[in-house]
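Presented below is the structure to which this report refers.
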Amino acid sequence: MTATSPPAVLRVTAAALVDATRRRGFWTRTVAAVLIVATVVAYLIFRTDGAADSDDAAAFRFFDSVRDWVDANRDTSPFFLYGVNYVRLGVRLLVDAVQAVLLGLGFAGLVAAVSAIGLVFAGWRTGLLAFGGFLAFGVLGLWEQSVDTLVLTVSAVLLSVLIGVPLGVLAARVRWVGATLRPVLDVMQIMPTFAYLAPMTLLFLIGEPAAVIATMIYAVPATIRITALGISEVPPTAVEAATALGSTRWQLLSKVRLPMARTTIVLAVNQTIMLALSMVVITALIDAPGLGQNIVNALQRVNVGAAFDAGVAIVILAVVLDRITTNAARRTRVHQNRRRRAIVAGGAIVAVIAAALITINPDRLPGYTFAEPVNDLVGWIELHWYDVTEGLKNGISAGILDPLETVLVTTPWWLFVLVVAAFGTLVSGWRAAGLAALAAAGIAGLGLWQHSMQTLATVLVAIALTMVIGVATGAFCARHDRLATAIRPVLDAAQTMPSFVYLLPAVALFGASRFTAIVAAVIFAVPPVVRLVERGLRDVPATVVEAATSAGSTPRQLLWKVQLPMARGGLLLAANQGIVMVLAMVVVGGLVGAGALGYDVVAGFSQRELFGEGLAAGLAIVLLGILLDRLTQGFHDSKGPRR
Amino acid sequence: MAPMIAVTDLWKVFGPRAGRIVGTPLADLPRAELRARTGCLAAVRDVSFDVEPGEVFVVMGLSGSGKSTLVRCLTRLIEPTSGEISIGGEPVRAMGPKRLRDLRRRQVAMVFQHFGLLPHRQVLDNVAYGLEIQGVPRAERHRKAGEVLALVGLDGHEHQYPDQLSGGMQQRVGLARALAADPEVLLFDEPFSALDPLIRRDMQAEVRRLHAEVGKTLVFITHDLAEALTLGDRIAVLRDGELVQVGTPEDLVGAPADSYVADFVRDVPRSDVLTLRWIMRDPGPDELCEDEPLSHRTVIRDAVHRVMRAERPIPVVDGDRRLGVIDADRMLAALVSHHRQVPA
Ligand SMILES: Nc1ncnc2c1ncn2[C@@H]1O[C@H](COP(=O)(O)OP(=O)(O)O)[C@@H](O)[C@H]1O
Ligand SMILES: [Mg+2]
């Protein structure tokens, strides 16, 4: 008896579990059905006329008064005098120093320096790429703007590494630091880029320091996270051996942990650079110089051609910086001949110094601009595809977006909060639901109900499209290896692109409209979704697939009945990631006709009397982000893939 | 002679509020019950032993019996829960952080099962690591590291990286690293378990050779009885954290303290380990013996030839003192008595 009982017990327990799950599934479905009916009834009874937001809400006035107080006390309050203003000054000095170095090198010197860095740290191919890429800035006639963007990016990355690497080490080594930082980083990473800008201008005024600090805040969570990961992954055997030899804590860190984590730390720098670059471009909205200015100006005139050159320059900069850091990380794993490396590095330094002494005026390079051919192409598309693009735009706008928006806008805020709380509890547990409901109530309190619901409607439509396209493509890739291999570099490249760039093709096809923001958001968010879906599907155990196939499933049945249900965890994770990215992009779409919260934020920067409303809109975006993230996050936490 | 290492009543309990257990009735509970009652695990229970200078002291036991924990307690890589440890006459548990680091740097070095080499350093710099953190200048520590590398037979590999070496060579680096600071005591935690059997034999020979050449005190952890018997001057057997028996290889094989130890040693060919002392008998009254005696330390196998050829019993002596006699009957019984290897 005793010998056979454990399996028997196991079997009984397993059966009970399956049973409970089934019963819970039934229970959930019933409650969901009741809730849906209740929601519809409540909406029909209580719906409002969806009045436009007042432009004089209490929240706006409050933020305006904060701004007035700040303006009045900027030169007297100790908080500014001894805190904020020094930070601003320090960052200004850093930016000036970086600028002095980069400009001091001159055109030839900087091209040589970047190529040399590529050559020494990442190999000759990357060096060549860097050389060609930086020459192209001159050819495009965008040398100064490119250097400005590079200056801001480098400054923000230096700050992020200076702050983020020590914090990451602490987070990995000191338990309470890690525990405190984790939720903070969670929130920081779902914050859409726009939301950072207004508070920064309030504290640091517009201009480079505010831009660098906003960028640093946007990028530093990745630095901290990845550094902490690298440090905590150092094999304990090596640490123990070094301890047994009598290392001090500091020696363990400097001679064992940091060197062993260096590949991961270089990857952290890579991620920091990519995030920083994408944010630096957006800080054009708070008057930071650089390529972003060209794009913002051109977009506001809906002149795709004019923005295109700057877009190309940003892409080149992103690719060069990404290649250098990725290949440098890869190379940290290869043992190199020290002597040879020293010779190459010495030679490179000499070459850079020599190049810095040559003066070449980048304006005298042969120039080329994409403006005309691109505008011709856009014109051609407008002429020949008008029916298609216009049909798509109007079909989705009138068929889905407008009705959804009407429903959301005419929902009374308390009903919305209740619905979020109820469905949130059902899918994500009461904790996440409580947070989401609080966020929803906060949005109502900001006096931007109509705009928030418009933005939400746009986000929902965009995420639905993203998921449909992403899951279809992901499923296709998971089943066709050749296609997957072909598409992977495209996905890689797409993920290193700064978000602003995605507006360009959308505007080219659809002009300025809400639908444009949806298209940009879909292009922006589809690549990671494809990737997560493909991975989820490929992670389905081969034995299960084999069993289903041998039971006679058609490929279609296999996909719908086995693979997709089993990959549910991956799909929900994809939805969660996608929704955060979509929100960020929809907000940016405020620049190209999407209006609503994104536009409010931008207007707040440029018009003094709209400051309070802009800040409130920024806050509403953050709350919307928390709401959407909590609802979907709880989703995959509580119902991950069953293993 | 004062012992090099003296361990008295050492306890290590893992788990919540581990300190409350030692010295109470809880401490007498068997491991499993203690764990069920308190959630604590007594990895080392009330262990005491001495290691003499120059001795090779082997600690043996099944996996999970607390060997690694015990050896790590010696230099407080794991902080003991209670008990006394002294190394070179100095109490280790009373040492401050600085003195403890110094002990680890100069007096006691350790070799690990999974090597624990630093992958970003060349072999030479791995070996020199201990000297480097003591502040020894670069040229000198490289010279010293080169010497110990030659000692373990790795000259010519100084500028390779650990992942370019085979497992056996990596462990030689580990050995060289431990020898570099010229410590008095070397601790080995199953250093050869991860290696192939053939390479393991080479490495055991290497350790024997090094011990003969440099004469350090060795504490050697293993779960492999053959390894324990070939290397150990004395062997301690650990079960569930408790010392079951401490003795020479012959003690263990000839007089296992309990069935656990007996099980461990039952396949050992007794004639290879036991000495004549274990099989001699008292001489009969007026019994005539051979003139040439045998020392009582002679291993049985080495005496077979003479005893079987002799016409009379041979005296067994300790110096001048006669302890007993050995004859062919006794010898035959000893040769066939141990456990049969093939089932009938
Ligand atoms: N840090 C720890 N925390 C809790 N239990 C541990 C820890 N280290 C070891 N143990 C437990 O202590 C017991 C002895 O482990 P160990 O000394 O590694 O045994 P051995 O080296 O003989 O295989 C094992 O049951 C192990 O699970
Ligand atoms: Mg062990």
Members of A:Lys255/B:Lys98; B:Lys12/B:Lys98; B:Lys144/B:Lys216; B:Lys12/B:Lys144 lying beyond 26 Å, as alpha-carbon distances in this model show | B:Lys12/B:Lys144
For chain A, the per residue accessible area (1.4 Å probe, Å²) is 47 Å²
How would B:Val336, A:Val187, A:Val374 rank on accessible area, largest to smallest, probe 1.4 Å?
-> B:Val336, A:Val187, A:Val374
Peptides A:572-584, B:140-152, A:54-66 ordered by average Cβ neighbours within 10 Å, highest first = A:572-584, B:140-152, A:54-66
Area hidden from solvent between B and A (accessible, protein heavy atoms only, 1.4 Å, total, Å²) = 2000 Å²
In terms of solvent-accessible area of protein heavy atoms at a 1.4 angstrom probe, what is the ranking of B:Asp258, B:Asp189, B:Asp50, A:Asp376, highest value first?
-> A:Asp376, B:Asp50, B:Asp258, B:Asp189
For region B:271-341, what is the accessible area per residue in Å² when the probe is 1.4 Å?
-> 65 Å²
Nearest 10, in degrees from 0 to 90: the angle of helix B:138-151 to the longest Cα principal axis of chain B is 20 degrees
Positions from region B:70-105 whose accessible area shrinks by 30 Å² or more when the full protein complex is built, not the chain alone, probe 1.4 Å = B:Leu77, B:Arg101, B:Arg104, B:Arg105
Carbon and sulfur atoms: what percent of the 1.4 Å accessible area of chain B do they account for?
-> 49 percent
Round to the nearest 10 and give me the degree value, 0 to 90, for the angle of helix B:328-337's Cα axis relative to the longest principal axis of chain B.
-> 50 degrees
Taking only the alpha-carbon atoms of region B:256-332, what semi-axes of the equivalent ellipsoid follow from 5 times the gyration tensor eigenvalues under a square root, in whole Å, largest first?
-> 25, 13, 11
Would you mind checking the tilt of helix B:167-180 against the longest principal axis of the Cα atoms of chain B, expressed as 0 to 90 degrees and rounded to 10?
-> 80 degrees
Region A:61-378 - percent of accessible surface contributed by carbon and sulfur, probe 1.4 Å = 66 percent
Report Rg/Rh for the protein assembly as shown, rounded to two decimals, where Rg is the Cα radius of gyration and Rh the Kirkwood radius.
-> 1.09
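The values are calculated or read from the model by the stated rules, or taken from the named source; none is laboratory data. Just so it is clear, the model here is predicted, and its values are computed rather than measured. In this analysis, Cβ positions are derived from the backbone assuming ideal geometry, glycine residues included, and neighbour counts consider all displayed protein chains. For accessibility, only protein heavy atoms count, side chains too; no ligands or nucleic acids. Shrake-Rupley method; radii C 1.70, N 1.55, O 1.52, S 1.80 Å.
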